[in-house]
Amino acid sequence: MTATAGRGPTGVPSTTAAAVAAAAELLATARDVTLVAHVQPDADSLGSALALGIVAARRGATVRVSFASPAQPPESLRPLDALGLLVAPEAVPAAPELLVMCDTAAPERLGSLADRLVTARSSLLIDHHASNPGFGDVRILDPSAEATVVLVHRLLAEMGAPVDRPVATCLYAGLVTDTVGFRTAGPAAHRMAAELLEAGVDVEAVLRPISDDHPFTWFDDLAGILHAATLDVTAAGGHGLVSAVVPAAVMGRHRVEEVDGVVDLLRTASEADVAAVLKQVGPRRWSVSMRSRTVDVATAAVTLGGGGHPRAAGVTLDGDPDEVLARLRAALTAAG
Ligand SMILES: [Mn+2]
């Protein structure tokens, strides 16, 4: 394939295969690589950035990995940074040579680093959100991929980069979390997981800190949150909605690993196909996480100005909890 094969009229590669080839070419020639995850980075976003960062650093490039907020990565994801590539957003160059944006559904998801999309000499997007409008010079954008790390894995194969234990650990962390423990993973993703295990991933060491390790003090607050949870079986077109609120005071006492686990408990409610957790991030501002078995919560989230995937989506809304829930119910009725 020539360098221009599969490019559309704008010069942007028009197929995923052409984009992967163009991305490999970009990474092969870049001397300085800046990889960015979305704000409030998860294992898929940070794992994608760190896996590619480790490979680029080993090839001799100057590499940094960053995200705009919060100030520190989730404690459970710090072990993924085997080479110490993470830097504060202030350390990201004003005009990066190559900017790689991982799992970023929209430029706004880069927070204060979104301006680098304009100043970067070249940019590469790697993402799997169906709502992504497409941005950046080269775009590996495939909503059929279960996780962004699946696309990174494809890119590493194109680059001929070895997937050893540190790289495999980053990829596995993103894969297991974005597929909700492989529930949404297809055969190819399971084959990828097998390859990662062969590379030496310690599954328990990766997973326990992310989802199975909570301080005892969390139980008391969790009990309060679940005690106050509400069930509306008529919501979402009769599919049912279970919801809970995490007040700012509780958010302040606990890590993101604790708070983000609430929705995974709620979604087990037999009577509801949709679960929503309202996390208080301002006096009248709520970061809402939604999970669903059948209803397309991505559509509901996009309607309200958020984004995500059909089975897992999020949005930030203003108001008191009742107002926020009313808006959610209206959007879910339309989506259900
Ligand atoms: Mn993802």
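Below, the figures for the structure above:
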{"quantity": "For the range 92-176: Kirkwood Rh in Å [reciprocal of mean 1/r, alpha carbons]", "calculated": "13.6 Å"}
{"quantity": "The range 90-111 versus the range 150-165: alpha-carbon centroid distance in Å", "calculated": "21 Å"}
{"quantity": "Expected-Rg normalisation [2.2 N^0.38 Å, Cα atoms] applied to the range 171-249", "calculated": "1.53"}
{"quantity": "Coordinate range along principal axes, alpha carbons of the range 148-203, Å, largest first", "calculated": "29, 22, 15"}
{"quantity": "Cleavage-rule hits, chymotrypsin sites (Phe, Trp or Tyr not before Pro), the range 164-250, DSSP coil, Cβ neighbours within 10 Å at most 12", "calculated": "PHE216"}
{"quantity": "Computed Rg/Rh of the chain, alpha carbon atoms with Kirkwood Rh", "calculated": "0.97"}
{"quantity": "Rounded Å value of the spacing that divides the Cα centres of the range 271-301 and the range 176-220", "calculated": "23 Å"}
{"quantity": "Value in Å of the Kirkwood radius, where the range 273-336 supplies the Cα pairs that are averaged", "calculated": "11.2 Å"}
{"quantity": "Percent breakdown of C-alpha pair distances by 10 Å bin, ordered from the shortest bin, for the range 217-335", "calculated": "15, 51, 30, 3"}
{"quantity": "Modelled label reach - ALA106, point 7 Å along Cα→Cβ, the range 135-175 residues with backbone N closer than 20 Å", "calculated": "135-137, 139-144, 148"}
{"quantity": "Contact order normalised by residue count of the chain, Cα under 8 Å, 6+ apart, percent", "calculated": "13 percent"}
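The numbers here are math on the coordinates, done by the rules we state, and not lab data. These numbers were taken from a predicted model, which means no experiment stands behind them. Virtual Cβ from ideal backbone geometry, glycine too; neighbours counted across all protein chains shown.
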